[in-house]
Amino acid sequence: MTRLILPLILITAAILVFFTFTDAVWKEIGVLKVEKTELAQGIEQADKLLARQEELRASYNAIADDQVARLNKFLPDNIDNVRLIIDMNNIGKFHGMAMRGVSVAGGAEAGRPSTSPPASGGSDAESGESLLKADSVVISFSVSASYEAFKEFLADLSSSLRLLDVASVSMATGETKNLYTFNLGLKTYWLK
């Protein structure tokens with residue numbers, strides 16, 4: 001009978017050890033395996049993102065400095081009203097006209113550098129909106145010139161690197177037969 005009782009006691013002890021100690025460890029190992037799989041997927045995703053970052057960095061570094069300067073002039077990250085007005089006035093002087101009555105109208109932030117985080121060119125995953133935000137400013141002024149000189153002035157403005165839209169234009173006759181006064185409103189953009 002002792003032969004039968006000793007194995008039963010050992011089997012019972014083994015079952016008790018399994019359910020009290022081994023089962024808890026076994027469940028913890030299962031949780032750790034799931035966590036290991038999730039971490040491996042995270043590392044794989046991070047490696048893909050690092051590879052993409054290096055690819056984008058290489059593409060950015062491949063852009064020539066003069067091209068970057070042209071892009072920054074086309075759509076700057078702040079608006080320098082004074083520099084823009086001077087540039088437009090120089091174009092006007094080339095055509096024999098001077099800007100008068102210059103006024104700048106835009107948002108409260110017009111002319112100040114952006115205080116928001118730098119734009120990354122991506123999109124906000126939650127809202128779906130582009131992270132690149134642009135604002136605009138309307139610069140209004142008047143010039144006196146012949147119609148032909150004014151057309152050439154507009155052609156030169158349209159071929160400049162700066163992104164400009166004609167917001168308004170009006171014309172009034174001047175004192176001289178071939179001289180007109182043009183009131184012009186130009187809209188320009190800048191990144192917030």
Task: Environment charge at THR181 (Cβ cut-off 11 Å; Lys +1, Arg +1, Asp -1, Glu -1) - done: 0
Task: Estimated vicinal HN-Hα couplings, Hz - segment 167-183 in sequence order (Karplus 6.51, -1.76, 1.60; Gly, Pro = x) - done: 8, 7, 8, 9, 9, 9, 6, x, 6, 8, 4, 9, 10, 10, 9, 10, 9
Open item on the list: What's the ranking of 175-186, 5-16 by average number of surrounding C-beta atoms within 10 Å, highest first?
Closed with: 175-186, 5-16
Task: Cross-link pairs LYS133/LYS187; LYS73/LYS93; LYS73/LYS187 - those with Cα-Cα distance over 19 Å - done: LYS73/LYS93
Open item on the list: Applying a 10 Å radius around every beta-carbon, put 161-173, 28-40 in order of their mean neighbour count, most first.
Closed with: 161-173, 28-40
- [ ] Highest first, please rank the peptides 48-54, 144-150, 61-67 by the mean number of other Cβ atoms sitting within 10 Å of their residues.
- [x] 144-150, 48-54, 61-67
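Just so you know, all these numbers are worked out from the coordinates, no wet-lab data involved. Here the structure is a predicted model, which means the values were calculated and not measured. Backbone-built Cβ (ideal geometry, glycine too); neighbour counts: all protein chains shown.
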